[in-house]
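The values are calculated or read from the model by the stated rules, or taken from the named source; none is laboratory data. If you're wondering where the values come from, they're calculated on a predicted model, not measured in any experiment. All Cβ positions, glycine included, derive from the backbone under ideal geometry; neighbour counts span all protein chains shown.
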Ligand code: ADP
């Protein structure tokens with residue numbers, strides 16, 4: 001490695017694409033970016049898969065492309081960082097390097113039956129929540145792995161040892177996407193992950209920061225198959241020479257939402273970021289103590305560094321970019337970017353309320369049954385009112401999330417940092433600031449998540465000495481709240497009423 005180089009290559013393996021970016025760490029500048037989409041497979045309703053080989057090969061391809069576009073050589077890089085879609089699992093044969101099954105993606109609901117079984121064991125569920133900070137849901141990796149074991153056992157090694165025995169011996173390995181990439185990059189010499197990714201598996205104790213035997217036993221998952229859990233900035237091995245031309249140390253790994261929290265510079269307790277993509281992911285830094293939620297939020301490891309862990313509360317809104325896409329799909333707008341100006345062309349929604357619960361309601365309701373509802377329509381309701389109501393609904397849902405954060409963590413945040421495609425909507429960000437009654441800040445660079453991974457890698461390689469040392473991203477666009485308090489309360493009350501109506505409709 002180049003010991004004083006400021007260049008860091010980040011692999012950003014997301015749900016829809018594999019991306020790679022080269023950063024100059026002193027300026028935060030992006031020298032190059034390459035991206036390739038990956039295919040999604042829906043073999044049954046509610047099932048979502050990806051091709052694990054495609055994930056690895058596209059990631060390798062874009063890493064090479066970004067490096068070439070930056071006009072640097074691998075030897076010019078200081079280190080590599082990785083950020084990735086969380087919870088998605090791959091199971092592979094360590095002897096052949098072949099995946100045993102497609103990657104089971106975080107959205108996949110195939111282990112819902114298993115979750116129902118587990119849900120009958122109240123003591124276990126209570127223990128699981130206390131140990132992992134999560135709720136019992138097919139979303140997390142644990143029951144996906146257990147499903148794979150049940151499904152593959154008869155077929156994987158006919159005439160050989162059962163799957164479980166091979167997993168125990170480490171002949172069959174399982175891991176999240178970061179582990180799968182690193183195992184391939186190091187030609188099978190390292191089976192590792194970081195604490196942020198581990199904290200999304202439902203198998204990791206976020207207090208002891210280790211795999212938890214109580215949880216593993218109940219799901220029948222042997223420890224020997226799991227990766228070693230390292231800090232988020234650590235020695236994850238070196239990529240083999242074939243990957244980029246010469247070996248480069250891998251020194252930072254973080255799950256995507258946690259990486260965005262770090263990338264926004266939310267390094268102090270009370271700081272909040274919200275990523276507005278297909279759904280919203282709001283994370284609040286709660287500091288050294290894990291804060292357990294009473295309002296349906298998740299507790300997660302924000303990062304683990306040499307000085308110890310930092311925790312976050314996490315909440316999500318399911319339908320965000322997807323409601324904008326629905327507006328396009330129904331012909332109400334031609335493109336997503338039209339939604340903001342159209343919403344601003346009217347003074348208000350003219351009484352229209354839209355509860356876009358297309359796939360139920362997330363935190364704090366965790367209500368999978370409720371469906372969307374459009375209400376308050378009159379002959380005066382036009383498409384601008386409906387579009388505005390759809391955007392306002394995104395802001396209301398985040399207001400409810402932030403109320404839960406404030407109640408759980410006991411602090412009232414003063415600013416929210418935002419990123420993601422939908423956060424490019426100026427109308428929505430202004431309305432969001434109004435309805436939260438706090439400042440909303442949007443950095444100019446959309447690459448906050450990759451930047452967080454670059455910071456983790458910089459810490460792991462010794463380029464940075466502490467989390468607060470990274471150069472701050474350029475001046476953000478600031479949205480100050482301007483709504484009168486009575487109006488804000490009135491609108492929030494109307495929203496609660498609308499949600500209650502949608503939830504009572506059968
Ligand atoms: P993801 O990472 O979940 O794929 P992105 O952060 O890439 O999501 O955001 C994509 C979403 O942003 C799409 O649903 C798109 O409709 C929406 N979007 C893009 N630009 C705008 C805009 N100006 N206003 C509202 N929504 C937008």
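Does segment 36-64 hold any residues that are at negative phi, assigned to a loop (DSSP other than H, G, I, E, B) and either surrounded by fewer than 17 Cβ atoms within 10 Å (Cβ to Cβ) or away from the ligand (no atom under 16 Å from the Cβ) (or both), and which are they? Write out each step before concluding.
Narrowing segment 36-64 to residues at negative phi: 36-45, 47-64.
Okay, now just the ones that are also assigned to a loop (DSSP other than H, G, I, E, B), so 38-40, 42-45, 47-48, 51.
Across segment 36-64, the qualifying residues are 39, 40, 42, 43, 44, 45, 47, 51.
Given 393, 384, which one is under 23 Å from the mean Cα position of the chain (by Cα) and either assigned to a helix (DSSP H, G or I) or under 24 Å from residue 254 (Cα atoms) (or both)?
On the way: 384 fails: under 23 Å from the mean Cα position of the chain (by Cα).
Selected residue: 393, the only one of 393, 384 that is under 23 Å from the mean Cα position of the chain (by Cα) and either assigned to a helix (DSSP H, G or I) or under 24 Å from residue 254 (Cα atoms) (or both).
So, in segment 8-30, exactly how many residues are in a strand (DSSP E or B) and within 14 Å of the ligand (Cβ to nearest atom)?
Taking segment 8-30 and keeping what is in a strand (DSSP E or B), we get 8-13, 17-24, 29-30.
If we keep only those that are within 14 Å of the ligand (Cβ to nearest atom) too, we end up with 12-13, 17-19.
Number of matching residues: 5.
For segment 87-135, how many residues meet the condition of being touching a strand residue (DSSP E or B) at 6+ places or on another chain (Cβ under 8 Å) and under 20 Å from residue 149 (Cα atoms)? Walk me through it before giving the result.
To start, the set of residues in segment 87-135 that are touching a strand residue (DSSP E or B) at 6+ places or on another chain (Cβ under 8 Å) comprises 87-94, 98-105, 108, 110, 131-135.
Retained after the next criterion (residues that are under 20 Å from residue 149 (Cα atoms)): 87-94, 98-105, 108, 110.
Residues in segment 87-135 being touching a strand residue (DSSP E or B) at 6+ places or on another chain (Cβ under 8 Å) and under 20 Å from residue 149 (Cα atoms): 18 in total.
Taking residue 377, is it in a loop (DSSP other than H, G, I, E, B) and either away from the ligand (no atom under 13 Å from the Cβ) or within 18 Å of residue 418 (Cβ to Cβ) (or both)? Break it down into steps so the answer makes sense when it comes.
Working: in a loop (DSSP other than H, G, I, E, B): yes; either away from the ligand (no atom under 13 Å from the Cβ) or within 18 Å of residue 418 (Cβ to Cβ) (or both): yes.
In short, yes.
Identify the residue in segment 327-367 that is surrounded by 20 or more Cβ atoms within 10 Å (Cβ to Cβ), assigned to a loop (DSSP other than H, G, I, E, B) and within 15 Å of the ligand (Cβ to nearest atom) and, among all such residues, is modelled with the lowest pLDDT. Walk me through it before giving the result.
Of segment 327-367, the ones surrounded by 20 or more Cβ atoms within 10 Å (Cβ to Cβ) are 327, 333, 339-340, 342-343, 349, 352-357, 361-363.
Those left that are additionally assigned to a loop (DSSP other than H, G, I, E, B): 333, 349, 352, 356-357, 362-363.
Checking which are within 15 Å of the ligand (Cβ to nearest atom) leaves us with 333, 356, 362.
Values: 333: 96, 356: 93, 362: 80.
In this case the residue turns out to be 362.
Out of curiosity, is residue 453 at negative phi, within 16 Å of the ligand (Cβ to nearest atom) and part of a helix (DSSP H, G or I)? I'd like the intermediate steps shown before the answer.
Working: at negative phi: yes; within 16 Å of the ligand (Cβ to nearest atom): yes; part of a helix (DSSP H, G or I): yes.
Yes; evaluated as a whole, the condition is true for this residue.
Could you say whether any residue in segment 407-430 is part of a helix (DSSP H, G or I), buried (at least 18 other Cβ atoms within 10 Å of the Cβ), under 25 Å from the mean Cα position of the chain (by Cα) and away from the ligand (no atom under 16 Å from the Cβ)?
Yes, there is a match, as at least one residue in segment 407-430 is part of a helix (DSSP H, G or I), buried (at least 18 other Cβ atoms within 10 Å of the Cβ), under 25 Å from the mean Cα position of the chain (by Cα) and away from the ligand (no atom under 16 Å from the Cβ).
Before we move on, is residue 33 buried (at least 16 other Cβ atoms within 10 Å of the Cβ), under 25 Å from the mean Cα position of the chain (by Cα), under 22 Å from residue 249 (Cα atoms) and within 16 Å of the ligand (Cβ to nearest atom)? Quick ask: steps written out before the conclusion?
Numbers: buried (at least 16 other Cβ atoms within 10 Å of the Cβ): yes; under 25 Å from the mean Cα position of the chain (by Cα): yes; under 22 Å from residue 249 (Cα atoms): yes; within 16 Å of the ligand (Cβ to nearest atom): yes.
Yes.
Being closer than 27 Å to residue 328 by Cβ, in contact with a strand residue (DSSP E or B) (Cβ under 6 Å, 6 or more places away or on another chain) and either more than 15 Å from the ligand (Cβ to nearest atom) or at pLDDT 95 or above (or both) is the requirement here; does residue 433 meet it? Write out each step before concluding.
Working: closer than 27 Å to residue 328 by Cβ: yes; in contact with a strand residue (DSSP E or B) (Cβ under 6 Å, 6 or more places away or on another chain): yes; either more than 15 Å from the ligand (Cβ to nearest atom) or at pLDDT 95 or above (or both): yes.
When the stated conditions are applied, residue 433 passes them.
Filter segment 236-254 down to the residues that are surrounded by 24 or more Cβ atoms within 10 Å (Cβ to Cβ) and not in a loop (DSSP other than H, G, I, E, B), then identify the one that is farthest from the ligand (Cβ to nearest atom).
In the first step, residues of segment 236-254 are kept if they are surrounded by 24 or more Cβ atoms within 10 Å (Cβ to Cβ); the result is 236, 239, 248, 250-254.
Next, only the ones that are not in a loop (DSSP other than H, G, I, E, B) stay: 250-254.
Details: 250: 24, 251: 25, 252: 21, 253: 19, 254: 16 Å.
This residue is 251.
Please go through segment 266-279 and give me each residue that is touching a strand residue (DSSP E or B) at 6+ places or on another chain (Cβ under 7 Å), part of a loop (DSSP other than H, G, I, E, B) and farther than 23 Å from residue 464 by Cβ, ordered by number.
Within segment 266-279, just 279 meets the criteria.
Please determine whether any residue of segment 257-264 is in contact with a helix residue (DSSP H, G or I) (Cβ under 9 Å, 6 or more places away or on another chain) and in a loop (DSSP other than H, G, I, E, B).
Taking segment 257-264 first, the residues in contact with a helix residue (DSSP H, G or I) (Cβ under 9 Å, 6 or more places away or on another chain) are 257-264.
If we keep only those that are in a loop (DSSP other than H, G, I, E, B) as well, we get 264.
Yes, there is a match, as at least one residue in segment 257-264 is in contact with a helix residue (DSSP H, G or I) (Cβ under 9 Å, 6 or more places away or on another chain) and in a loop (DSSP other than H, G, I, E, B).
Quick one: would you say residue 445 is more than 16 Å from the ligand (Cβ to nearest atom), modelled with pLDDT under 90 and not in a strand (DSSP E or B)? I'd like the intermediate steps shown before the answer.
Values: more than 16 Å from the ligand (Cβ to nearest atom): no; modelled with pLDDT under 90: yes; not in a strand (DSSP E or B): yes.
No, not satisfied.
Filter segment 115-127 down to residues that are touching a residue at least 12 places away in the same chain (Cβ under 8 Å) and surrounded by 14 or more Cβ atoms within 10 Å (Cβ to Cβ) and give me whichever is farthest from residue 42 (Cα to Cα). Quick ask: steps written out before the conclusion?
The first filter runs over segment 115-127 and keeps only residues touching a residue at least 12 places away in the same chain (Cβ under 8 Å), leaving 115, 118-119, 121, 124, 127.
With surrounded by 14 or more Cβ atoms within 10 Å (Cβ to Cβ) added as a condition, the list becomes 115, 118, 124, 127.
Numbers: 115: 20, 118: 25, 124: 31, 127: 33 Å.
By that ranking, first place goes to 127.
Quick one: count up the residues across segment 300-313 that are modelled with pLDDT of 95 or more and either over 19 Å from residue 232 (Cα atoms) or surrounded by fewer than 24 Cβ atoms within 10 Å (Cβ to Cβ) (or both). I'd like the intermediate steps shown before the answer.
At the first step, the residues of segment 300-313 found to be modelled with pLDDT of 95 or more are 300-304, 309-313.
With either over 19 Å from residue 232 (Cα atoms) or surrounded by fewer than 24 Cβ atoms within 10 Å (Cβ to Cβ) (or both) added as a condition, the list becomes 309.
Counting residues in segment 300-313 that are modelled with pLDDT of 95 or more and either over 19 Å from residue 232 (Cα atoms) or surrounded by fewer than 24 Cβ atoms within 10 Å (Cβ to Cβ) (or both) gives 1.
Just name the residue that is farthest from residue 139 (Cα to Cα) out of those in segment 255-270 that are crowded, with 23+ Cβ neighbours inside 10 Å and away from the ligand (no atom under 16 Å from the Cβ). Break it down into steps so the answer makes sense when it comes.
First, pick out the residues of segment 255-270 that are crowded, with 23+ Cβ neighbours inside 10 Å: 255-264, 266.
From the residues that got through so far, the ones that are away from the ligand (no atom under 16 Å from the Cβ) too are 262, 266.
Working: 262: 23, 266: 26 Å.
Across segment 255-270, the extreme among qualifying residues is 266.
Tell me which residues, restricted to segment 78-114, are surrounded by fewer than 24 Cβ atoms within 10 Å (Cβ to Cβ), farther than 25 Å from residue 239 by Cβ and modelled with pLDDT of 95 or more.
Once the filter is applied, which keeps residues that are surrounded by fewer than 24 Cβ atoms within 10 Å (Cβ to Cβ), farther than 25 Å from residue 239 by Cβ and modelled with pLDDT of 95 or more, segment 78-114 yields only 101.
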